[in-house]
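Visitor: Could you have a look at this structure, given as structure tokens, before my questions?
Throughout, read-outs are computed from the coordinates displayed, never taken from laboratory work. Here the structure is a predicted model, which is why all the values come from computation and not from measurement. For neighbour counting, all protein chains shown are included, and Cβ atoms are generated from backbone atoms with ideal geometry for every residue, glycine included.
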Amino acid sequence: MEIIVTATGRHLGRLAWGRRRFACALGRSGVTAGKKEGDGATPLAAMPLRRLFFRADRSPRPATGLPVTAIRRDHGWCDDPASPLYNRLIRLPCPWRHEELWREDHLYDLVVEMGFNDAPPVPGRGSAIFLHVAGPGLAATQGCVALAKADLLTLLAACRPGDILKVVNA
């Protein structure tokens with residue numbers, strides 16, 4: 001399945017597959033073909049859906065055909081271009097700059113790892129590009145794509161290995 005995300009505003013978009021359409025949040029800096037670490041932009045790219053991470057303490061395992069991993073308190077994602085673990089799942093504590101996947105907010109209660117800059121990672125080209133739960137009012141992301149939780153659950157139920165999320169300009 002190909003999922004198309006079309007930018008419709010500075011940090012807003014429309015996610016579509018088949019006849020389904022959902023509003024989504026994009027990076028605070030909009031979209032870009034020249035993604036760089038920390039720029040706050042969502043990459044204009046075709047990204048395979050790798051696997052779903054979820055908070056088992058907050059909800060049951062979601063229905064999906066994607067590989068599924070329960071998030072642990074020691075899960076992180078390295079976003080430090082100086083690290084040999086750049087743009088990879090890591091175990092905490094870690095001396096390199098990173099994101100924690102176990103968050104107090106609900107943004108990563110469901111988080112899909114997307115294949116961007118990962119085969120192999122190029123330091124500084126961008127990391128931790130995820131599909132995750134949107135913040136209130138579809139708040140801008142740091143470069144990810146985010147959906148309302150109910151919409152994300154609907155999408156996940158249709159996802160299978162090999163599915164691609166493609167971000168395009170309007």
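Visitor: Could you name the aspartates and glutamates in cross-link range of LYS36, using Cα to Cα under 13 Å and dropping any fewer than eight places away on the same chain?
Guide: Answer for LYS36, where 13 Å is the Cα cut-off: ASP79, ASP80, listed by chain and number.
Visitor: Just from its helices, what would the mean residue ellipticity at 222 nm be for the chain, if runs of 4 or more DSSP H residues each count -39500 (n - 2.57) and the sum is divided by every residue, rounded to the nearest 500 deg cm²/dmol? Intermediate values should be presented prior to the final figure.
Guide: Working: 1 runs with 10 residues, N = 170.
The helix-only estimate for the chain comes to -1500 deg cm²/dmol at 222 nm.
Visitor: Taking the Cα centre of the chain as origin and charging only Cβ (+1 Lys, Arg; -1 Asp, Glu), how large is the dipole, in debye to the nearest 20? Could you put the intermediate results ahead of the total?
Guide: On the way: 23 positive and 16 negative charges, 83 e Å.
Approximately 400 debye in magnitude.
Visitor: I would also like to ask the following. For Cα pairs less than 8 Å apart in space and 6+ apart in sequence, what is the mean separation divided by the residue count of region 2-168, i.e. the relative contact order in percent?
Guide: On the way: 419 pairs, mean separation 52.7, N = 167.
About 32 percent, as a whole number.
Visitor: Next question, about the same structure. Which FRET efficiency value, to the nearest 0.05, is calculated for TRP96 and ARG19 with the Förster distance at 45 angstrom and r the Cβ-Cβ distance? Let's see the in-between values first.
Guide: Details: r = 43 Å, r/R0 = 0.96.
Approximately 0.55, to the nearest 0.05.
Visitor: I want to make sure I understand the PRE zone here: with the label point 7 angstrom from the Cα of ARG51 toward its beta carbon, which residues in region 103-134 have backbone N atoms less than 18 Å away?
Guide: 103, 108-121, 128-132
Visitor: Another question about this same structure. Roughly how big is region 29-83's charge dipole about its Cα centre, with Cβ charges of +1 (Lys, Arg) and -1 (Asp, Glu), in debye to the nearest 20?
Guide: Here the size comes out at about 340 debye.
Visitor: At 0.36 nm per residue, minus the direct Cα-Cα distance, what do SER29 and ARG160 gain on full extension? Give it in nm, one decimal, please. If you can, show how the numbers build up before the last one.
Guide: On the way: separation 131, 0.36 × 131 = 47.16 nm, distance 2.98 nm.
Net length gain for the segment: 44.2 nm.
Visitor: Using unit Cβ charges (K, R positive; D, E negative) and no other charged atoms, how large, in debye to the nearest 20, is the dipole of region 7-55 about its Cα centre? All intermediate terms of the calculation are to be shown ahead of the outcome.
Guide: Details: 11 positive and 2 negative charges, 60 e Å.
Dipole size: approximately 280 debye.
Visitor: The chain: longest stretch without exposed chymotrypsin sites (Phe, Trp or Tyr not before Pro) (DSSP loop, at most 16 other Cβ within 10 Å), sites themselves excluded? Numbers along the way, then the final one.
Guide: Numbers: sites that count: TRP96, TRP102.
The reported range is 1-95.
Visitor: In addition: Treating cross-link reach as a plain straight distance, find the aspartates and glutamates whose alpha-carbon is under 13 Å from the alpha-carbon of LYS166, omitting any fewer than eight places away in the same chain.
Guide: Straight-line reach from LYS166, under 13 Å: GLU2.
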